[in-house]
Amino acid sequence: MSDKSTEVNFEFRQRLNKIIGGNHHNFCYQCGACVSLCPTAKYSTEFNPRTIMLMALLGLEDKLIAPDSIIWKCTNCYTCYERCPQDVRPVDVITALKNICVAEDRAPDIITRYSAGILDTGVSTPLSVAIAKRREKFGLPKFNITGYDEMKIILDREDSK
Amino acid sequence: MTQIVPFWGCMIPLRYPHIEMAIRKTLANLQMELVEDLPFTCCPDPIYFKARDQFDWLVIAARNLALAEERNLPLLTVCSGCTSTLKEARFLLNEDENLKDRVNTQLKKINREYKGTVNVEHAVVYLRDVLGYDAIQDSIQKRIENLRVAIHYGCHLLKPSQIMHVDDADYPQLLSDLVKMTGAIPVTHEEQLLCCGKGCIDDLIPYEMTSDIFDSVKEAKADCLGLICPTCFSSFDLGQKIIERKLNKKHEIPVIYYFQLLGLAQGLSPEEVGLDQHKIPMKGILD
Ligand code: SF4
Ligand code: SF4
(Lines give C-alpha, C1' and ligand atoms only; values in the text may rest on other atoms or scores of the structure.)
(Ligands and ions follow the chains in the order given, each with its own letter.)
Protein backbone atom coordinates (compact mmCIF):
# COMPACT_ATOMS: atom_id res chain seq x y z
CA MET A 1 0.00 0.00 0.00
CA SER A 2 1.24 3.46 -0.83
CA ASP A 3 1.18 6.11 1.89
CA LYS A 4 -1.72 7.82 0.22
CA SER A 5 -4.04 4.83 0.40
CA THR A 6 -3.57 4.46 4.15
CA GLU A 7 -4.66 8.00 4.92
CA VAL A 8 -8.03 7.87 6.65
CA ASN A 9 -10.80 9.81 4.95
CA PHE A 10 -12.48 11.24 8.04
CA GLU A 11 -14.81 13.39 6.04
CA PHE A 12 -16.40 10.29 4.54
CA ARG A 13 -16.66 8.66 7.95
CA GLN A 14 -18.40 11.74 9.32
CA ARG A 15 -20.92 11.45 6.55
CA LEU A 16 -21.46 7.75 7.25
CA ASN A 17 -21.90 8.54 10.96
CA LYS A 18 -24.90 10.72 10.21
CA ILE A 19 -26.88 7.97 8.49
CA ILE A 20 -29.07 5.60 10.50
CA GLY A 21 -26.84 2.71 11.63
CA GLY A 22 -23.73 4.22 10.04
CA ASN A 23 -22.05 5.34 13.26
CA HIS A 24 -21.80 1.75 14.53
CA HIS A 25 -18.86 1.15 12.16
CA ASN A 26 -16.70 2.98 14.74
CA PHE A 27 -17.05 0.10 17.20
CA CYS A 28 -15.43 -2.50 14.92
CA TYR A 29 -12.21 -3.99 16.31
CA GLN A 30 -11.68 -6.31 13.34
CA CYS A 31 -12.13 -9.62 15.16
CA GLY A 32 -13.74 -11.37 12.17
CA ALA A 33 -16.59 -13.03 14.08
CA CYS A 34 -18.98 -11.67 11.46
CA VAL A 35 -17.27 -13.63 8.66
CA SER A 36 -17.61 -17.23 9.82
CA LEU A 37 -21.24 -17.81 8.90
CA CYS A 38 -21.75 -15.01 6.38
CA PRO A 39 -23.42 -16.75 3.42
CA THR A 40 -22.07 -14.39 0.78
CA ALA A 41 -18.52 -14.81 2.13
CA LYS A 42 -18.99 -18.56 1.67
CA TYR A 43 -19.99 -18.15 -1.99
CA SER A 44 -17.72 -15.27 -2.99
CA THR A 45 -14.04 -15.03 -2.11
CA GLU A 46 -14.09 -11.25 -2.60
CA PHE A 47 -16.86 -10.63 -0.08
CA ASN A 48 -16.03 -10.25 3.60
CA PRO A 49 -17.98 -8.15 6.12
CA ARG A 50 -14.87 -7.59 8.25
CA THR A 51 -12.96 -6.06 5.33
CA ILE A 52 -16.00 -3.98 4.38
CA MET A 53 -15.95 -2.57 7.94
CA LEU A 54 -12.21 -1.94 7.57
CA MET A 55 -12.82 -0.08 4.32
CA ALA A 56 -15.43 2.01 6.13
CA LEU A 57 -12.96 2.72 8.96
CA LEU A 58 -10.40 3.88 6.42
CA GLY A 59 -13.04 5.81 4.52
CA LEU A 60 -12.34 4.13 1.17
CA GLU A 61 -15.12 6.02 -0.54
CA ASP A 62 -14.20 5.22 -4.16
CA LYS A 63 -14.31 1.49 -3.56
CA LEU A 64 -17.41 1.42 -1.37
CA ILE A 65 -19.59 3.95 -3.15
CA ALA A 66 -20.14 2.47 -6.59
CA PRO A 67 -22.84 0.57 -8.49
CA ASP A 68 -20.52 -2.44 -8.69
CA SER A 69 -19.28 -2.12 -5.10
CA ILE A 70 -18.97 -5.45 -3.31
CA ILE A 71 -21.53 -4.26 -0.72
CA TRP A 72 -24.41 -5.01 -3.15
CA LYS A 73 -23.70 -8.72 -2.82
CA CYS A 74 -24.76 -8.73 0.85
CA THR A 75 -27.94 -10.80 1.25
CA ASN A 76 -29.20 -8.82 4.27
CA CYS A 77 -29.40 -12.04 6.26
CA TYR A 78 -28.39 -10.43 9.60
CA THR A 79 -26.05 -13.25 10.55
CA CYS A 80 -23.20 -10.78 11.07
CA TYR A 81 -25.46 -8.64 13.27
CA GLU A 82 -26.17 -11.75 15.34
CA ARG A 83 -22.49 -12.66 15.69
CA CYS A 84 -20.73 -9.33 16.24
CA PRO A 85 -19.55 -8.88 19.87
CA GLN A 86 -19.27 -5.11 19.41
CA ASP A 87 -22.81 -4.29 18.24
CA VAL A 88 -21.39 -3.01 14.95
CA ARG A 89 -24.42 -4.38 13.09
CA PRO A 90 -22.33 -4.76 9.91
CA VAL A 91 -25.40 -5.28 7.73
CA ASP A 92 -26.79 -1.94 8.91
CA VAL A 93 -23.48 -0.23 8.15
CA ILE A 94 -23.67 -1.79 4.68
CA THR A 95 -27.21 -0.43 4.30
CA ALA A 96 -26.00 3.03 5.35
CA LEU A 97 -23.26 2.78 2.71
CA LYS A 98 -25.92 1.84 0.16
CA ASN A 99 -27.86 4.97 1.12
CA ILE A 100 -24.77 7.04 0.25
CA CYS A 101 -24.49 5.23 -3.11
CA VAL A 102 -28.09 6.17 -3.90
CA ALA A 103 -27.60 9.79 -2.81
CA GLU A 104 -24.56 9.97 -5.10
CA ASP A 105 -26.42 8.31 -7.95
CA ARG A 106 -23.96 5.42 -7.78
CA ALA A 107 -26.37 2.52 -7.04
CA PRO A 108 -27.43 -0.37 -9.31
CA ASP A 109 -30.49 0.58 -11.42
CA ILE A 110 -32.68 -2.04 -9.77
CA ILE A 111 -32.69 -0.11 -6.48
CA THR A 112 -34.19 3.06 -7.92
CA ARG A 113 -36.44 1.20 -10.36
CA TYR A 114 -37.91 -0.99 -7.65
CA SER A 115 -38.28 1.88 -5.18
CA ALA A 116 -39.98 4.05 -7.79
CA GLY A 117 -42.76 1.46 -7.95
CA ILE A 118 -43.44 1.86 -4.22
CA LEU A 119 -43.22 5.65 -4.38
CA ASP A 120 -45.61 5.79 -7.34
CA THR A 121 -48.22 3.33 -6.10
CA GLY A 122 -47.73 2.57 -2.40
CA VAL A 123 -47.07 -1.11 -3.13
CA SER A 124 -44.03 -3.01 -4.34
CA THR A 125 -45.91 -5.26 -6.77
CA PRO A 126 -48.34 -3.78 -9.32
CA LEU A 127 -51.95 -4.97 -9.18
CA SER A 128 -52.45 -6.66 -12.55
CA VAL A 129 -55.76 -7.60 -14.13
CA ALA A 130 -54.77 -11.27 -13.98
CA ILE A 131 -54.16 -11.09 -10.23
CA ALA A 132 -57.38 -9.14 -9.62
CA LYS A 133 -59.25 -11.93 -11.44
CA ARG A 134 -57.43 -14.64 -9.53
CA ARG A 135 -58.26 -12.94 -6.23
CA GLU A 136 -61.90 -12.91 -7.21
CA LYS A 137 -61.78 -16.57 -8.18
CA PHE A 138 -60.27 -17.42 -4.78
CA GLY A 139 -63.03 -15.47 -3.03
CA LEU A 140 -60.61 -12.84 -1.71
CA PRO A 141 -61.62 -9.23 -1.03
CA LYS A 142 -60.78 -6.57 -3.59
CA PHE A 143 -57.27 -5.22 -3.12
CA ASN A 144 -57.28 -1.46 -2.57
CA ILE A 145 -54.37 0.76 -1.63
CA THR A 146 -55.90 3.56 0.39
CA GLY A 147 -52.81 4.81 2.21
CA TYR A 148 -51.06 6.24 -0.80
CA ASP A 149 -52.00 9.91 -0.33
CA GLU A 150 -50.87 9.95 3.29
CA MET A 151 -47.63 8.21 2.32
CA LYS A 152 -46.88 10.93 -0.20
CA ILE A 153 -47.41 13.66 2.41
CA ILE A 154 -45.13 12.13 5.05
CA LEU A 155 -42.32 11.61 2.53
CA ASP A 156 -42.21 15.30 1.78
CA ARG A 157 -39.51 16.87 3.91
CA GLU A 158 -37.29 19.94 3.95
CA ASP A 159 -33.96 18.17 3.61
CA SER A 160 -35.08 15.67 0.95
CA LYS A 161 -33.17 15.60 -2.29
CA MET B 1 -63.22 -14.64 18.58
CA THR B 2 -59.80 -13.04 18.90
CA GLN B 3 -59.35 -9.78 17.00
CA ILE B 4 -56.13 -9.14 15.14
CA VAL B 5 -54.98 -6.80 12.37
CA PRO B 6 -53.43 -8.73 9.49
CA PHE B 7 -50.64 -6.96 7.65
CA TRP B 8 -50.79 -8.68 4.26
CA GLY B 9 -47.92 -6.78 2.66
CA CYS B 10 -47.61 -6.72 -1.13
CA MET B 11 -46.17 -10.02 -2.26
CA ILE B 12 -48.78 -12.38 -0.85
CA PRO B 13 -51.91 -10.49 -2.00
CA LEU B 14 -50.43 -9.32 -5.31
CA ARG B 15 -48.30 -12.25 -6.38
CA TYR B 16 -49.38 -15.25 -4.37
CA PRO B 17 -53.06 -14.71 -3.52
CA HIS B 18 -53.46 -18.47 -3.15
CA ILE B 19 -51.32 -18.19 0.00
CA GLU B 20 -53.61 -15.44 1.29
CA MET B 21 -56.55 -17.76 0.67
CA ALA B 22 -54.87 -20.51 2.72
CA ILE B 23 -54.07 -18.12 5.58
CA ARG B 24 -57.59 -16.70 5.69
CA LYS B 25 -59.19 -20.13 5.78
CA THR B 26 -56.90 -21.47 8.49
CA LEU B 27 -57.22 -18.36 10.65
CA ALA B 28 -61.01 -18.60 10.38
CA ASN B 29 -60.77 -22.19 11.60
CA LEU B 30 -58.81 -20.84 14.57
CA GLN B 31 -61.64 -18.41 15.41
CA MET B 32 -59.61 -15.34 14.61
CA GLU B 33 -61.44 -12.22 13.55
CA LEU B 34 -59.54 -10.04 11.10
CA VAL B 35 -59.82 -6.26 11.36
CA GLU B 36 -59.04 -5.03 7.87
CA ASP B 37 -60.11 -1.46 7.25
CA LEU B 38 -56.70 0.06 7.99
CA PRO B 39 -55.11 2.02 5.10
CA PHE B 40 -51.71 0.32 5.00
CA THR B 41 -49.09 0.70 2.28
CA CYS B 42 -46.03 -1.43 1.49
CA CYS B 43 -44.21 -2.12 4.80
CA PRO B 44 -41.80 -0.93 2.98
CA ASP B 45 -39.40 -3.54 1.72
CA PRO B 46 -36.38 -4.06 4.02
CA ILE B 47 -33.78 -4.55 1.29
CA TYR B 48 -34.08 -2.40 -1.83
CA PHE B 49 -36.29 0.38 -0.50
CA LYS B 50 -34.29 0.53 2.71
CA ALA B 51 -31.08 0.68 0.64
CA ARG B 52 -32.51 3.70 -1.16
CA ASP B 53 -33.17 5.85 1.91
CA GLN B 54 -33.52 4.60 5.46
CA PHE B 55 -35.33 7.65 6.75
CA ASP B 56 -38.10 7.32 4.15
CA TRP B 57 -38.21 3.61 4.94
CA LEU B 58 -38.63 4.36 8.64
CA VAL B 59 -41.31 7.02 8.13
CA ILE B 60 -43.50 4.72 6.03
CA ALA B 61 -43.02 1.85 8.48
CA ALA B 62 -43.86 4.13 11.43
CA ARG B 63 -47.10 5.16 9.74
CA ASN B 64 -48.09 1.52 9.26
CA LEU B 65 -47.28 0.81 12.91
CA ALA B 66 -49.20 3.88 14.09
CA LEU B 67 -52.33 2.69 12.28
CA ALA B 68 -52.47 -0.55 14.26
CA GLU B 69 -51.47 1.28 17.44
CA GLU B 70 -54.50 3.57 17.10
CA ARG B 71 -56.73 0.48 17.27
CA ASN B 72 -54.84 -1.02 20.14
CA LEU B 73 -54.71 -4.37 18.37
CA PRO B 74 -51.77 -6.69 17.58
CA LEU B 75 -50.38 -6.55 14.08
CA LEU B 76 -49.93 -9.93 12.44
CA THR B 77 -47.46 -10.29 9.57
CA VAL B 78 -47.36 -13.17 7.10
CA CYS B 79 -44.15 -12.25 5.30
CA SER B 80 -40.70 -12.29 6.86
CA GLY B 81 -39.80 -9.09 4.98
CA CYS B 82 -42.72 -7.18 6.50
CA THR B 83 -41.84 -8.70 9.88
CA SER B 84 -38.27 -7.50 9.55
CA THR B 85 -39.23 -3.96 8.52
CA LEU B 86 -41.93 -3.44 11.12
CA LYS B 87 -40.07 -4.98 14.04
CA GLU B 88 -36.78 -3.31 13.19
CA ALA B 89 -38.45 0.06 12.68
CA ARG B 90 -40.10 -0.29 16.07
CA PHE B 91 -36.73 -1.19 17.62
CA LEU B 92 -34.88 1.75 16.05
CA LEU B 93 -37.59 4.22 17.02
CA ASN B 94 -37.76 2.96 20.59
CA GLU B 95 -33.97 3.00 20.86
CA ASP B 96 -33.47 6.59 19.68
CA GLU B 97 -35.78 9.35 20.96
CA ASN B 98 -34.32 11.89 18.59
CA LEU B 99 -35.02 9.70 15.58
CA LYS B 100 -38.53 9.07 16.86
CA ASP B 101 -39.11 12.83 17.12
CA ARG B 102 -37.91 13.37 13.56
CA VAL B 103 -40.20 10.60 12.31
CA ASN B 104 -43.15 11.94 14.30
CA THR B 105 -42.60 15.39 12.80
CA GLN B 106 -43.40 13.78 9.45
CA LEU B 107 -46.39 11.83 10.81
CA LYS B 108 -47.82 14.98 12.36
CA LYS B 109 -48.53 16.23 8.84
CA ILE B 110 -51.25 13.58 8.61
CA ASN B 111 -52.25 13.90 12.27
CA ARG B 112 -50.76 10.64 13.32
CA GLU B 113 -48.17 9.69 15.89
CA TYR B 114 -46.03 6.66 16.56
CA LYS B 115 -45.95 6.02 20.30
CA GLY B 116 -44.21 2.67 20.55
CA THR B 117 -46.86 0.49 22.15
CA VAL B 118 -47.87 -1.68 19.20
CA ASN B 119 -47.07 -5.40 19.09
CA VAL B 120 -45.97 -6.96 15.81
CA GLU B 121 -45.44 -10.67 15.30
CA HIS B 122 -45.24 -13.06 12.41
CA ALA B 123 -48.40 -15.19 12.38
CA VAL B 124 -46.45 -18.35 13.28
CA VAL B 125 -45.13 -16.69 16.43
CA TYR B 126 -48.64 -15.58 17.28
CA LEU B 127 -49.80 -19.19 16.95
CA ARG B 128 -47.25 -20.29 19.52
CA ASP B 129 -47.31 -17.40 21.97
CA VAL B 130 -50.85 -16.07 21.99
CA LEU B 131 -53.17 -18.65 20.52
CA GLY B 132 -51.23 -21.59 21.91
CA TYR B 133 -50.65 -25.12 20.68
CA ASP B 134 -53.83 -26.44 22.29
CA ALA B 135 -55.98 -24.18 20.13
CA ILE B 136 -54.17 -25.38 17.03
CA GLN B 137 -54.60 -28.97 18.15
CA ASP B 138 -58.34 -28.40 18.55
CA SER B 139 -58.61 -27.18 14.95
CA ILE B 140 -57.04 -30.31 13.45
CA GLN B 141 -59.50 -32.59 11.62
CA LYS B 142 -57.29 -34.81 9.53
CA ARG B 143 -53.72 -35.40 10.60
CA ILE B 144 -51.23 -35.53 7.73
CA GLU B 145 -49.56 -38.92 7.70
CA ASN B 146 -46.14 -39.82 6.35
CA LEU B 147 -45.16 -36.44 4.95
CA ARG B 148 -41.59 -35.38 5.63
CA VAL B 149 -41.38 -31.59 5.64
CA ALA B 150 -37.92 -30.02 5.56
CA ILE B 151 -37.77 -26.81 7.55
CA HIS B 152 -36.59 -23.52 6.10
CA TYR B 153 -36.58 -20.68 8.62
CA GLY B 154 -35.47 -17.85 6.38
CA CYS B 155 -33.41 -15.08 7.92
CA HIS B 156 -35.76 -12.41 9.09
CA LEU B 157 -37.97 -14.41 11.42
CA LEU B 158 -35.10 -15.04 13.84
CA LYS B 159 -32.34 -12.52 13.25
CA PRO B 160 -31.25 -10.30 14.79
CA SER B 161 -32.48 -11.97 17.96
CA GLN B 162 -32.14 -8.78 20.03
CA ILE B 163 -34.93 -7.37 17.86
CA MET B 164 -36.92 -10.46 16.96
CA HIS B 165 -37.05 -12.29 20.31
CA VAL B 166 -38.58 -15.32 18.64
CA ASP B 167 -36.34 -18.30 19.22
CA ASP B 168 -32.71 -19.35 19.54
CA ALA B 169 -31.24 -18.16 16.24
CA ASP B 170 -28.85 -21.12 16.04
CA TYR B 171 -31.07 -23.92 17.37
CA PRO B 172 -34.65 -22.84 16.68
CA GLN B 173 -37.56 -25.10 17.56
CA LEU B 174 -40.64 -23.14 16.52
CA LEU B 175 -41.23 -24.47 13.00
CA SER B 176 -40.53 -28.09 13.93
CA ASP B 177 -43.13 -27.82 16.70
CA LEU B 178 -45.67 -26.24 14.37
CA VAL B 179 -45.15 -28.86 11.65
CA LYS B 180 -45.57 -31.62 14.26
CA MET B 181 -48.98 -30.23 15.20
CA THR B 182 -50.25 -31.09 11.70
CA GLY B 183 -49.14 -34.71 11.94
CA ALA B 184 -46.40 -34.21 9.35
CA ILE B 185 -42.80 -35.06 10.22
CA PRO B 186 -40.48 -32.06 10.59
CA VAL B 187 -37.10 -32.72 9.05
CA THR B 188 -34.13 -30.65 10.10
CA HIS B 189 -31.23 -30.58 7.68
CA GLU B 190 -27.69 -29.28 7.25
CA GLU B 191 -28.60 -26.03 5.51
CA GLN B 192 -31.85 -25.22 7.28
CA LEU B 193 -30.57 -21.82 8.37
CA LEU B 194 -28.96 -20.79 5.09
CA CYS B 195 -30.32 -17.66 3.45
CA CYS B 196 -32.44 -17.93 0.27
CA GLY B 197 -30.08 -15.36 -1.23
CA LYS B 198 -32.75 -13.05 -2.60
CA GLY B 199 -31.17 -9.85 -1.28
CA CYS B 200 -27.81 -10.48 -2.97
CA ILE B 201 -27.41 -8.63 -6.26
CA ASP B 202 -25.50 -11.21 -8.28
CA ASP B 203 -26.28 -13.42 -11.28
CA LEU B 204 -25.33 -16.70 -9.65
CA ILE B 205 -24.85 -16.56 -5.89
CA PRO B 206 -28.56 -16.61 -4.90
CA TYR B 207 -29.17 -19.68 -7.10
CA GLU B 208 -26.11 -21.47 -5.78
CA MET B 209 -27.41 -20.92 -2.26
CA THR B 210 -30.92 -22.22 -2.96
CA SER B 211 -29.55 -25.13 -4.95
CA ASP B 212 -27.35 -26.15 -2.01
CA ILE B 213 -30.39 -25.94 0.27
CA PHE B 214 -32.22 -28.35 -2.05
CA ASP B 215 -29.27 -30.76 -1.98
CA SER B 216 -29.40 -30.62 1.79
CA VAL B 217 -33.17 -31.25 1.75
CA LYS B 218 -32.70 -34.29 -0.49
CA GLU B 219 -29.90 -35.59 1.67
CA ALA B 220 -32.32 -35.51 4.62
CA LYS B 221 -34.88 -37.45 2.54
CA ALA B 222 -37.64 -34.88 2.90
CA ASP B 223 -40.67 -34.82 0.57
CA CYS B 224 -41.08 -31.08 0.46
CA LEU B 225 -39.78 -27.81 1.85
CA GLY B 226 -41.88 -25.92 4.41
CA LEU B 227 -41.48 -22.17 4.87
CA ILE B 228 -43.20 -19.01 6.05
CA CYS B 229 -42.15 -16.19 3.73
CA PRO B 230 -43.33 -15.27 0.21
CA THR B 231 -39.85 -14.15 -0.84
CA CYS B 232 -38.42 -17.51 0.19
CA PHE B 233 -41.39 -19.11 -1.58
CA SER B 234 -40.49 -17.34 -4.80
CA SER B 235 -36.80 -18.22 -4.45
CA PHE B 236 -37.62 -21.89 -3.99
CA ASP B 237 -40.66 -22.49 -6.21
CA LEU B 238 -40.06 -20.31 -9.28
CA GLY B 239 -36.38 -20.38 -8.28
CA GLN B 240 -36.13 -24.09 -9.16
CA LYS B 241 -36.97 -23.23 -12.77
CA ILE B 242 -34.21 -20.62 -12.80
CA ILE B 243 -31.74 -23.02 -11.17
CA GLU B 244 -32.54 -25.47 -13.96
CA ARG B 245 -31.56 -22.88 -16.55
CA LYS B 246 -28.61 -21.26 -14.82
CA LEU B 247 -27.00 -24.20 -13.07
CA ASN B 248 -28.37 -27.03 -15.17
CA LYS B 249 -29.69 -28.82 -12.09
CA LYS B 250 -33.17 -30.23 -11.59
CA HIS B 251 -34.37 -30.60 -8.02
CA GLU B 252 -38.16 -31.09 -8.26
CA ILE B 253 -38.85 -30.47 -4.59
CA PRO B 254 -42.28 -28.98 -3.88
CA VAL B 255 -42.55 -26.04 -1.53
CA ILE B 256 -45.31 -25.46 1.00
CA TYR B 257 -46.13 -22.37 3.06
CA TYR B 258 -46.90 -23.30 6.66
CA PHE B 259 -50.54 -22.19 6.60
CA GLN B 260 -51.18 -24.40 3.57
CA LEU B 261 -49.94 -27.37 5.57
CA LEU B 262 -52.02 -26.39 8.59
CA GLY B 263 -55.03 -25.94 6.28
CA LEU B 264 -54.66 -29.50 4.97
CA ALA B 265 -54.58 -30.79 8.54
CA GLN B 266 -57.71 -28.79 9.28
CA GLY B 267 -59.41 -30.78 6.53
CA LEU B 268 -59.15 -28.33 3.65
CA SER B 269 -58.49 -29.79 0.19
CA PRO B 270 -55.20 -29.17 -1.68
CA GLU B 271 -57.08 -26.80 -4.02
CA GLU B 272 -58.63 -24.91 -1.12
CA VAL B 273 -55.15 -24.06 0.14
CA GLY B 274 -53.93 -23.30 -3.38
CA LEU B 275 -51.44 -26.13 -3.81
CA ASP B 276 -52.43 -26.39 -7.47
CA GLN B 277 -50.93 -22.93 -8.04
CA HIS B 278 -47.31 -23.94 -7.51
CA LYS B 279 -44.67 -24.31 -10.23
CA ILE B 280 -43.39 -27.52 -8.65
CA PRO B 281 -46.49 -29.65 -8.06
CA MET B 282 -47.27 -31.34 -4.75
CA LYS B 283 -49.25 -34.04 -6.60
CA GLY B 284 -48.29 -37.59 -5.83
CA ILE B 285 -46.70 -36.55 -2.59
CA LEU B 286 -49.89 -36.17 -0.58
CA ASP B 287 -51.79 -39.44 0.07
S1 SF4 C 1 -17.99 -6.08 12.58
FE2 SF4 C 1 -18.02 -6.96 14.62
S3 SF4 C 1 -17.66 -9.13 14.28
FE4 SF4 C 1 -17.07 -8.09 12.40
S5 SF4 C 1 -14.87 -7.72 12.62
FE6 SF4 C 1 -15.92 -5.90 13.39
S7 SF4 C 1 -16.14 -6.19 15.59
FE8 SF4 C 1 -15.65 -8.20 14.70
S1 SF4 D 1 -26.02 -9.58 6.25
FE2 SF4 D 1 -24.58 -9.47 4.54
S3 SF4 D 1 -22.56 -9.25 5.46
FE4 SF4 D 1 -23.96 -9.86 7.07
S5 SF4 D 1 -23.73 -12.10 7.19
FE6 SF4 D 1 -25.46 -11.67 5.80
S7 SF4 D 1 -24.56 -11.58 3.73
FE8 SF4 D 1 -22.87 -11.43 5.22
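The values are calculated or read from the model by the stated rules, or taken from the named source; none is laboratory data. Because the structure is a prediction, the values reported are computed rather than measured. Positions of Cβ are generated from backbone atoms using ideal geometry, with glycine treated the same way; all protein chains shown enter the neighbour counts. All accessible areas refer to the heavy atoms of the entire protein, side chains included, with ligands and DNA or RNA removed. Shrake-Rupley method; radii C 1.70, N 1.55, O 1.52, S 1.80 Å.
Compute the semi-axes of the equivalent ellipsoid of segment B:1-87, taking the square root of 5 times each eigenvalue of the Cα gyration tensor, and list them largest first in whole Å. Numbers along the way, then the final one.
Values: eigenvalues 110, 50, 15 Å².
They are 23, 16, 9 Å, listed from largest to smallest.
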For residue B:115 and residue B:130 in one chain, what is 0.36 nm times their gap in residues minus the Cα-Cα distance, to one decimal in nm?
3.1 nm
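Quick one: accessible area per residue over segment B:143-260, 1.4 Å probe, rounded to a whole number of Å²?
On the way: 4300 Å² over 118 residues.
Dividing the accessible area of segment B:143-260 by its residue count gives 36 Å².
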At q = 0.10, 0.14, 0.19 Å⁻¹, what base-10 log of I(q)/I(0) does the Debye formula yield for segment A:10-103 when every alpha carbon is treated as an equal point scatterer in vacuo?
-0.21, -0.41, -0.79
Accessible surface buried upon B-A contact (total; probe 1.4 Å; Å², nearest 100):
5400
By a straight-distance test (C-alpha under 22 Å), which lysines pair with residue A:137 as possible cross-link partners, with residues fewer than eight away in the same chain excluded?
B:25, B:279, B:283
Calculate how steeply helix B:17-29 sits against the longest principal axis of the alpha-carbon atoms of chain B, using the helix alpha-carbon long axis, and give the answer as 0 to 90 degrees to the nearest 10.
80
Which Cys residues of chain A have no other Cys Cβ less than 4.7 Å away and so no disulfide-compatible partner by this rule?
A:28, A:31, A:38, A:74, A:84, A:101
Where the Cα pairs of segment B:22-149 fall when distances are cut into 10 Å bins, in %
12, 38, 28, 15, 6, 1
Pairwise Lys count, segment B:143-260 - Cα closer than 26 Å, eight or more residues apart or different chains:
21
Radius, Kirkwood style, for the protein assembly as shown when every pair of distinct Cα atoms is counted (Å)
22.6
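Kindly state, to the nearest 0.05, the FRET efficiency for residue A:6 paired with residue A:103, given R0 = 35 Å and r defined as their beta-carbon distance. Could the numbers behind the result be given before it?
On the way: r = 26 Å, r/R0 = 0.76.
Calculated transfer efficiency: 0.85.
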Taking Cα atoms, how many degrees apart are the long axis of helix A:90-103 and the longest axis of chain A, rounded to 10 and kept between 0 and 90?
70
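So what is the calculated 222 nm ellipticity per residue for chain B, using -39500 (n - 2.57) for each DSSP H run with n of 4 or more, over all residues, to the nearest 500 deg cm²/dmol?
Working: 13 runs with 133 residues, N = 287.
-13500 deg cm²/dmol, from helical runs alone.
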Report the relative contact order of segment A:10-103, percent, no decimals, based on alpha-carbon pairs under 8 angstrom and at least 6 residues apart.
39
Residues whose placed amide H lies under 5 Å from that of residue B:149, excluding near-sequence neighbours
B:185, B:187, B:223
What is the sum of charges around residue A:55, taking Lys and Arg as +1, Asp and Glu as -1, for the other residues whose C-beta is under 13 Å from the C-beta of residue A:55?
0
Based solely on C-alpha atoms, express the radius of gyration and the Dmax of segment B:182-266 in angstrom.
12.8, 41
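Pull out the extension gain between residue A:133 and residue A:46, defined as 0.36 nm times the separation in residues minus the alpha carbon to alpha carbon distance; nm, one decimal.
Numbers: separation 87, 0.36 × 87 = 31.32 nm, distance 4.60 nm.
Contour length minus Cα-Cα distance gives 26.7 nm.
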For residue A:152, the lysines lying under 17 Å Cα to Cα, once residues fewer than eight places off in the same chain are dropped, come out as A:161, B:50, B:108, B:109
Please report Rg (one decimal) and Dmax (integer) in Å for the Cα set of segment A:109-159.
14.0, 46
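Compute, for the protein assembly as shown, the length of the dipole vector about the Cα centre, with Cβ point charges of +1 (Lys, Arg) and -1 (Asp, Glu) only. Units Debye, rounded to 20. Walk me through the intermediate numbers first.
Numbers: 52 positive and 60 negative charges, 139 e Å.
Using only the charged Cβ atoms, the result is roughly 660 debye.
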